[in-house]
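Visitor: Take a look at the following structure, please.
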Amino acid sequence: MESTRCGNCNALLFKNEPGAIVKTIEIKCRRCATLNQLRPLEPTSECPEHQA
């Protein structure tokens with residue numbers, strides 16, 4: 001399990017399994033109200049531009 005933290009104040013946002021984030025998500029920090037954008041580490045193969 002890995003911890004995802006706020007980029008501004010380092011508060012814990014959530015814990016997740018590696019690879020659990022499939023699409024881009026935004027989460028607002030409850031401590032400092034910063035809007036954090038999270039993207040998957042590896043691109044998915046679902047990209048319509050690259051499908052043959």
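Visitor: Given the options GLU42, GLU49, name the one that is modelled with pLDDT under 90, outside any loop (DSSP other than H, G, I, E, B) and among the acidic types (Asp, Glu).
Guide: After ruling out the rest, the residue left standing is GLU49.
Visitor: Report, by residue number, each residue of region 1-23 that is at pLDDT 95 or above and assigned to a loop (DSSP other than H, G, I, E, B).
Guide: CYS6, GLY7, ASN8, CYS9, ASN10, ALA11
Visitor: Sticking with this one: I need every pair where a residue in region 20-35 that is closer than 9 Å to CYS6 by Cα has its Cβ under 7 Å from the Cβ of a residue that is among the hydroxyl-bearing types (Ser, Thr, Tyr) and surrounded by 12 or more Cβ atoms within 10 Å (Cβ to Cβ), sequence separation at least 6 or different chains.
Guide: Going by the 7 Å Cβ cut-off, there are no qualifying pairs.
The values are calculated or read from the model by the stated rules, or taken from the named source; none is laboratory data. Predicted model only: the values in this text are computed from it and were never measured. Please note: Cβ atoms are built from the backbone with ideal geometry, for glycine as well, and neighbour counts cover all protein chains shown.
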